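Below you'll find the structure, written out as structure tokens, and then a few comments.
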Amino acid sequence: MLTTLLSGDFPRSRALSVLLLLVLVGLALAPFLVHGARALNVAATICIFVVLVASYDLQLGYTGIVSFAHTMFYGIGAYGVGIALHAMGPGWGPVALGTAAALAISLVLALVIGLFSLRVRAIFYAMITLAVAAAFAVLASQLSDITGGEDGRSFKVPEILQPSFRLMDGEILGRAIDGRVVTYYLVFASALALFLLMLRIVNSPFGRVLQAIRENDFRAEALGYRTVVYRTLANCLGALVATLAGVLMALWLRYVGPKTTLSFEVMTDILLMVVIGGMGTLYGAVVGSALFILAQNYLQALMGQASEALSGVPFLSQLFHPDRWLLWLGVLFVLSVYFFPTGIVGKLRAGALARSQKSP
Amino acid sequence: MSEILLKLEGVHTHIGQYHILQGVDLEVPKGGLTVLLGRNGAGKTTTLRTIMGMWHASRGKVSFAGDDITAAATPDISCAGIAYVPESMGIFSDLTVRENLYLAARAGEMDTARLEWIFGFFPALKKFWNFPAGNLSGGQKQMVAIARAIVEPRRLLLIDEPTKGLAPAIIQGMITAFRELKETETILLVEQNFNFVCSLGDTVAVMDGGRIVHAGMMADLAADQELQQKLLGLSLHVHQ
């Protein structure tokens, strides 16, 4: 059953298996393990980014497509649901309509961008996607009557997802089962299902062709595969999954705005998560997202404690001052790329392979 | 006279500003093994790549089984039944041996009997079936590349310098494999190693400066040291 669920793509490293299990159990039990809105928000963000980063890895890591338009598709999903709920009021109808419209728009855009520009060299394609994404972000902020402009849109979600909703009386492990918990499990279950779906895609014959194209598109063509068609399909799949990640984010935040979805900062975060986790390994999306989002949210607090503990030491207390958390995040990124050039998952798998080949 | 499977007529190919093929005329008869010989830079690899549509001919005509494939796209040429084994062990190194072969099986499933037939030539592939192809030795990678080309019956195999960088013992194994392969497949083999092909080839064409300068039976060239000296600048005795 596990083989079917993971499409035969096991972690292939004991350390990685433990790490993934920790993340899975942590996310599955997050509402009961941690208390407070911030911690649950971090857990939900990790779930959504696992999907978003994995869908980007489908393009970058598995097919070799360098795109800067991924946040655009993410934004289309978020805006689709956000605008529908804002205009039509809370209900599952607007959620379904917004999601369907967002998926349709993303599919058409990905298809058009792919068919027109995936024939050109990777660098030109990257530039084209950058231009399209920038144009879309400007459009979203200019069409303020529809999108809410720079301020974005707040909206009400269906009743069962609202914080005031109570699924049952009483508490489980000290946590009331309210609309936030319901929304969290909707996000968690959707993220898990989408991740397993992507695992199935990359381990299917279609996924193998994508990997062949990434390695050498001439050789793939010589085997009879139309690389432009496969690249465009991968582009569309990645875009559709990113759109669904945007839908989940909108439902979780009950807000949609350009900074949370369309900004270039989100795009660089996705890139960093893919690189840190390991390109061409969907499990890298899990590890990269979890580590990066935890660092983004807790590094500052951790450094505050370190600075306090080192208050007697003049230079070190200043070095670990909480205001310098971005500097340390940068240092951690440089170190991770230096020590794990193939990402954490790549390094762990290579280590496990080397050990298995040494042992008789 | 046997039927002509592949025919190049006055083919010119430009790569950027370079005029590589300058009117290639070549015929590959159906069945058997045709060898394309020539020194480095003569245009042998460009000829194969032009046949495969990777670089399109700027002039001339390429016909395969009577159909004009001069302007056809590479995937269409492959689907027409031409398999290409590029030089430098053209495998997908991140994929396993099984996945490399599976990619070439367009029918979806690999024929078990045919696989056993391939394992007969290259037993190492069975041993490393689920290993990443990138971890194999040079000779084994070449075996994967050739096995990929023959995992399904093809009408023509284009093989580019299969012995390049391989140890003599492995080359001997390749000779045995090709001798058996040519009984069932039509092969156009590009080589620089005359000793490797002189006992294998049925017909031969020699290239120089982007043109075919000699075409005929391999047995005639192998027996004529003066012609070898003239065309290839070598004597078989010196190289044996």
field: Sites A:Glu265 and A:Leu2 - FRET efficiency at Förster radius 51 Å, r taken between beta-carbons, to 0.05
entry: 0.85
query: What's the center-to-center distance, using Cα atoms, between segment A:226-253 and segment A:259-294 in Å?
result: 15
statement: Restricting to lysines and to Cα separations under 16 Å from A:Lys347, and discarding same-chain partners fewer than 8 apart, the set is none
message: What does the structure give for B:77-83 when I average, per residue, the other chain Cβ atoms found within 10 Å of the residue Cβ?
response: 3
- prompt: At what distance in angstrom do the alpha carbon centres of segment B:158-190 and segment A:301-360 lie from each other?
  reply: 51
message: Per residue, how much accessible surface does segment B:87-153 expose to a 1.4 Å probe? Answer in Å², no decimals.
response: 40
- prompt: Rounded if a/c is under 1.5, else prolate if a/b is larger than b/c, else oblate: which is chain A, with a ≥ b ≥ c the root eigenvalues of its Cα gyration tensor?
  reply: rounded
task: Would you mind working out the magnitude of the charge dipole of the protein assembly as shown relative to its Cα centre, with +1 at each Lys and Arg C-beta and -1 at each Asp and Glu C-beta, to the nearest 20 Debye?
output: 880
- request: Please sort by residue number the trypsin sites (Lys or Arg not before Pro) in segment A:82-169 whose DSSP state is loop and whose Cβ has at most 14 other Cβ atoms within 10 Å.
  value: A:Arg119, A:Arg121, A:Lys156
task: Work through the residues other than A:Gly93 whose Cβ is under 15 Å from its Cβ and net out their charges, Lys, Arg +1 and Asp, Glu -1.
output: 0
message: Given a Förster distance of 35 Å, report the FRET efficiency between A:Val112 and A:Val337 from their Cβ-Cβ distance, rounded to the nearest 0.05.
response: 0.55
query: Listed highest first by mean packing, meaning other Cβ atoms within 10 Å per residue, what order do A:18-24, A:222-228, A:65-71 come in?
result: A:65-71, A:222-228, A:18-24
message: Assuming 0.36 nm per residue, please report the length gained on full extension of the stretch A:Phe315 to A:Leu327 beyond their Cα-Cα distance.
response: 2.8 nm
- request: Within a 10 angstrom radius of each residue's Cβ in A:210-220, how many Cβ atoms of other chains show up on average? Whole number is fine.
  value: 5
- request: Would you mind finding the longest exposed-site-free stretch of chain B, with exposed GluC sites (Glu not before Pro) meaning DSSP loop and at most 10 other Cβ atoms within 10 Å?
  value: B:4-108
task: First check a/c for chain B, with a ≥ b ≥ c the square roots of the eigenvalues of its C-alpha gyration tensor; if it is under 1.5, answer rounded, and if not, answer prolate when a/b is larger than b/c or oblate otherwise.
output: oblate
statement: Hits for chain A under the membrane-span-like helix rule (DSSP H, Cα axial span at least 18 Å, Kyte-Doolittle mean at least 0.5) are A:14-28, A:37-63, A:70-88, A:92-117, A:122-142, A:179-202, A:227-253, A:264-277, A:282-309, A:325-339
query: Straight-line reach from B:Lys126: which lysines have Cα under 19 Å away, leaving out those fewer than 8 places along the same chain?
result: B:Lys141
task: Determine, from the Cβ-Cβ distance of A:Leu302 and A:Ala350 and an R0 of 35 Å, the FRET efficiency 1/(1 + (r/R0)^6), rounded to the nearest 0.05.
output: 0.75
- prompt: Say each of B:Ala71 and B:Met217 gets a label point 7 Å from the Cα, pointing the same way as Cα to Cβ; how far apart are those two points in nm?
  reply: 4.1
query: Using Cα pairs under 8 angstrom and six or more residues apart, how large is the relative contact order of chain B, in percent?
result: 26
- line: Extend 7 Å from the Cα of B:Arg114 along its Cα-to-C-beta direction; within segment B:131-175, residues with backbone N under 11 Å of that point are B:148-155
field: Charge-dipole axis of segment A:2-358 as Lys and Arg at +1 and Asp and Glu at -1 on Cβ define it, positive-most pick from A:Ala212, A:Leu302, A:Ile113
entry: A:Ala212
query: Roughly how many Å is it from the Cα centre of segment B:83-97 to that of segment A:1-55, as a whole number?
result: 36
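The values are calculated or read from the model by the stated rules, or taken from the named source; none is laboratory data. What you see is a predicted model, and the numbers here were worked out from it, not measured in a lab. Heads up, the Cβs are rebuilt from the backbone with ideal geometry, glycines too, and the neighbour counts pull from every protein chain shown. When the accessible area is computed, the model is the full protein with side chains, heavy atoms only, and any ligands, DNA or RNA have been set aside. Shrake-Rupley method; radii C 1.70, N 1.55, O 1.52, S 1.80 Å.
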